[in-house]
Amino acid sequence: MEDKKIENDDQPPESIGTRKPAPKKKSNFKWILMLVFAALIIRPFFKAKAPEVAWQDYETGIKLAQQQNKPILLAFYKAGTRFCRDMWADTYANKNAIKFIEDNFVPIFVDVDKQPDIAKEYNVSYYPTHFIKTPDNKKIIKTRRGYDTPAQFKPFLLEGLEGAGKEPIEAPKN
């Protein structure tokens with residue numbers, strides 16, 4: 001009797017001692033890394049912009065203060081200084097402080113790196129430095145140096161209004 005070998009076409013022939021390599025898993029790591037990197041790059045473009053005071057340049061602000069008969073809030077800023085960065089990130093980004101300042105003052109921004117002559121005229125060497133002046137720009141009412149939270153800055157603003165003979169339009173909130 002003959003042994004007949006029956007072959008099954010559905011099954012591969014067995015090999016003794018050899019094994020098929022396991023299929024390679026595709027690595028998602030590079031895709032995840034690319035997505036994280038893209039998200040970090042794109043994120044700043046979708047970040048909500050913080051509110052800010054509607055600052056005027058020096059010449060425009062002086063004219064506006066006279067026209068509107070509002071006291072001047074003169075802010076001297078120097079890039080790279082911690083207290084300026086904190087003041088603008090905290091106090092000047094506070095919605096209530098912004099509203100109060102814009103309702104009661106003409107805010108003037110002076111970047112001392114771009115306008116050193118104005119800083120020299122006011123003898124400013126510490127940043128930030130703030131002055132409140134009369135609407136006619138003839139008299140300095142109050143001066144304040146350094147960083148203040150909105151709550152710390154409020155009395156300075158109120159005293160400046162009082163010195164200018166003005167009533168606050170709305171009491172500032174913290």
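Highest average first, the peptides 117-130, 72-85 ordered by how many other beta carbon atoms sit within 10 Å of their residues are 72-85, 117-130. Simple spin-label estimate for Phe156 and Leu35 gives 4.7 nm between the two label positions (7 Å along the Cα-to-Cβ direction from each Cα).
Can you pick out the pairs among Lys95/Lys133; Lys114/Lys154; Lys70/Lys99 whose Cα atoms lie more than 20 Å from each other?
Values: Lys95/Lys133 23 Å; Lys114/Lys154 28 Å; Lys70/Lys99 14 Å.
Flagged as over cut-off: Lys95/Lys133; Lys114/Lys154.
The relative contact order of the range 74-174, computed from alpha carbon pairs under 8 Å that lie at least 6 residues apart in sequence, is 35 percent.
For the range 58-163, what class follows from the C-alpha gyration tensor (a ≥ b ≥ c being the square roots of its eigenvalues): rounded when a/c is under 1.5, otherwise prolate if a/b is larger than b/c, else oblate? It comes out oblate by the Cα gyration axes.
Counting only the Cα atoms, the range 102-174 fills a convex hull of 96 Å³ per residue. Magnitude of the charge dipole for the range 58-163, about its Cα centre and with charges confined to Cβ atoms of Lys, Arg (+1) and Asp, Glu (-1), is about 100 debye.
Extending 7 Å from the Cα toward the beta-carbon at both Asn69 and Ile140 defines two label points whose distance is 2.7 nm.
All of the numbers you see were taken from the coordinates with simple rules; none came from a lab. Predicted, not measured: the structure shown is a model, and the values here were computed from it. We place every Cβ from the backbone using ideal geometry, glycine too, and count neighbours over all the protein chains shown.
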